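The values are calculated or read from the model by the stated rules, or taken from the named source; none is laboratory data. Every value quoted in this text rests on a predicted model; they were computed, and no experiment measured them. Note that we place each Cβ from the backbone using ideal geometry, even for glycine, and neighbour counts take in every protein chain shown. In case anyone asks, the SASA skips ligands and DNA or RNA and just uses the protein heavy atoms, side chains included. Shrake-Rupley method; radii C 1.70, N 1.55, O 1.52, S 1.80 Å.
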Amino acid sequence: MVIVLGGGLSGLSTGYYLLKRFGKPAAIFESSNRLGGWIRTENHKDKDFIFESGPRTIRPRGVAGANTLEMIEDLQLPVESIKSTHIAAKNRLIYAKGELCLLPNNLGGIFATRPPFSKPLYTALFHDLRASSKKIKYGDESIYSFVKRRFGSELADYAISPMICGICAGDAKEISVRFLMNDIFETEQQYGGVVKGFFLSKLIGRKEVRDAHINSPGIFAENMPSLYQRAVKEGWSMYRLNDGLETLPKALEAYLRSRNTEINLSSECSKILFSDDGVRLKIKDTLLLAEHVISSLPSYRLAACVKDQHPGLAGQLLAIPYVNVAVVNLQYCTDNLLPLRAFGFLVPPVERRPILGVIFDSCCFEMGENTVLTVMMGGKWFEEYFGQNPTKKDLLDIALKEVEDILGICQEPRFTRVHILEKCIPQYNVGHKQVVEGIRRYIQHYKLSLSVCGAAYDGVGINDVIMSARTNVESLSFS
């Protein structure tokens, strides 16, 4: 029997792909009393709004995006799309130098000088052409360092740094360039510059494609999923599931249970021991035997399970840091409170404010006569701004003050919800790629009947963790 550890989206997806590939159910063990991990939807249908305390939208991009849409289509889940022409897709804001700044949303925008930038963005290309080449030691550097070196400090401070806050609540000065810009970094290292590398690669006949994943042989080399084809044809920028994103893990749970997959809640694994005749797991004082274990646990939790028998592996797993994030949901009974309609805004760390950004939920999707906001707080700077044990009231008060200061919303919200998500997002710091390679190399070297998938290893987004589950399952072979 295959045992899956973790009942978040990656673990549930693993169970789904095990059924698809091998036709026999696995057993899933989740330590908490609910499934879905950090995905949590609070639905107020009677008042025409929802709160999301985790991710809320999915992007239909690349092979991983196509893979998610294939799953959603198979589960027959209705979706609500935001097209590229939608105001939430076009308008992205940052709060900098005391004002909300609209980022360029078309080609013409890069030729104008717009705050917070002191020059048109196209001039960053000339910065890259003038910058000297530099071979980076150990083949990695921070994404902040790379962007500053190639394109200048303004782009690093006011474009890349807030983007990293929005994606993983991390510090761009620590996050690896390979997290988001692996191909650009490789081009720069090979040719001595980004712009130069782009043109030289064209001249020597290296074919560039708009989406390398989709155009390379792979799981969809012959035919793309029909829902993905629809998304491309209709120009989707992003989408959500009707009734919120928690619909997906709930649908996966129903799919798995209907096909005899054993799902166990409140069942924490405390120890894993490997031997020639299988894997023994201690779960709630019971020893279970498995042919293979697929762990979708956070890396630090898996480390605690293997540390007695494999302290070297545990040490590598513990090398992946995590951050805490506070999420504050706010609902106001007026639908015209925002000074500008947009997806929301991010706050560059250089501004030294205690929030990462605010999502304008009611601008993204129809929510009746409500203004619904989600304030994201903490991340890399959680303890610096809030201490070790902030109360939910403390966090709510700070969120309301920031909303008043930046958006000018003074009235009290009707509904609020505060979630403190402890150690929720792994940080892909400089050297992360080597750490993950080391973990998988250790597992292979010692021939452990173990696979690792999920946000700690293969990307932190919804598409990433589902694709990670599929890739790990498809690498298995059982007699």
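What is the calculated FRET efficiency for Asn33 to Lys137, with r their C-beta to C-beta distance and R₀ = 56 Å, to the nearest 0.05?
0.75
What distance in nm separates the two pseudo spin-label positions at Thr416 and Ser266, each 7 Å out from Cα along the beta-carbon direction?
A separation of 3.2 nm, rounded to one decimal place.
For region 243-377, what is the convex hull volume of its Cα atoms per residue in Å³?
173
Leaving out ligands and nucleic acids, note down the accessible area per residue over region 108-178 with a 1.4 angstrom probe, in whole Å².
I get 46 Å² per residue for region 108-178.
Applying the Karplus parametrisation 6.51 cos²θ - 1.76 cosθ + 1.60 with θ = phi - 60° to the phi angles of region 336-344, what ³J(HN,Hα) value in whole Hz is obtained for each residue in order, glycine and proline being reported as x?
10, 8, 7, x, 8, 7, 6, 5, x
Using the per-residue mean of other Cβ atoms lying within 10 Å as a proxy for protection, in what order, highest first, do the peptides 415-428, 37-50 fall?
Those peptides, ordered most packed to least, come out 415-428, 37-50.
What residues qualify as long-range amide H neighbours of Ala96, i.e. H under 5 Å apart, gap of 5 or more or another chain, H built at 1.01 Å from N?
Sorted by chain and number, the residues that satisfy this are Cys101.
Running Debye on region 1-63 with equal point scatterers at the Cα sites and no solvent, what base-10 log of I(q)/I(0) appears at q = 0.16, 0.18, 0.22 Å⁻¹?
Debye output, listed in q order: -0.70, -0.81, -0.94.
Could you give the spread of the C-alpha atoms of region 339-479 along their three principal axes, from largest to smallest, in whole angstroms?
Principal extents (largest minus smallest coordinate, Cα): 63, 35, 26 Å.
How high is the relative contact order of the chain, given as a whole-number percent (alpha carbon pairs under 8 Å, six or more residues apart)?
Reported as a whole number, the value is 25 percent.
Pairs of alpha-carbon atoms within less than 8 angstrom and 6+ residues apart define the contacts here; what relative contact order does region 265-380 have, in percent?
Taking the mean separation of contacting Cα pairs over the length of region 265-380, I get 20 percent.
Quick one: Karplus J couplings for region 93-100, per residue in order, coefficients 6.51, -1.76, 1.60, θ = phi - 60°, nearest Hz, x for Gly and Pro?
Computed from phi, the couplings for region 93-100 are 10, 10, 9, 8, 6, x, 8, 7 Hz.
Do you know the relative contact order of region 79-228, to the nearest whole percent, from alpha carbon pairs under 8 angstrom that are 6+ apart?
In percent, rounded to a whole number, it is 16.
Can you give the Rg and Dmax of region 372-448 based on its C-alpha atoms, in angstrom?
Expressed in Å, the Cα Rg and Dmax of region 372-448 come to 19.2, 60.
Mind pulling up the Rg/Rh value for region 320-412? Radius of gyration and Kirkwood radius, both on Cα.
When Rh is taken as the Kirkwood radius, the ratio is 0.98.
May I ask you to give the percent of accessible area on the chain that is carbon plus sulfur, with a probe radius of 1.4 Å?
With neighbouring chains kept in place, the figure for the chain is 50 percent.
Using a Debye calculation, one point per C-alpha and no hydration shell, please list log10 I(q)/I(0) for region 326-377 at q = 0.14, 0.18, 0.25, 0.31 Å⁻¹ in order.
The calculated log intensity ratios at q = 0.14, 0.18, 0.25, 0.31 Å⁻¹ are -0.36, -0.57, -0.94, -1.21.
Indicate the gyration tensor shape class of region 101-171 (rounded, prolate or oblate), computed on the Cα atoms with a ≥ b ≥ c the square roots of the eigenvalues: a/c under 1.5 is rounded; otherwise a/b larger than b/c is prolate and the rest oblate.
In terms of gyration-tensor shape, oblate.
A 32 angstrom limit on the alpha carbon distance is what I want to check against. Which of Lys134/Lys233; Lys380/Lys447; Lys119/Lys392; Lys47/Lys392; Lys24/Lys271 exceed it?
Flagged as over cut-off: Lys134/Lys233; Lys380/Lys447; Lys119/Lys392.
For the chain, with only Lys/Arg (+1) and Asp/Glu (-1) charged at the beta-carbon, what is the dipole magnitude about the Cα centre, in debye rounded to 20?
1200
Quickly work out the Asp405-to-Glu369 label distance, labels modelled 7 Å from Cα along the C-beta direction, and quote it in nm with one decimal.
The modelled label-to-label distance comes out at 3.3 nm.
Average projected area of the Cα convex hull of the chain, in nm²?
Taking a quarter of the hull surface, the average projection is 23.9 nm².
List every residue whose amide H lies under 5 Å from the amide H of Leu450, counting only residues 5 or more places away in sequence or on a different chain, with H placed 1.01 Å from N in the peptide plane.
Val293
Compute the distance in nm between two label points, each set 7 Å from the Cα along the Cα-to-Cβ direction, one at Arg21 and one at Lys282.
It is 3.0 nm.
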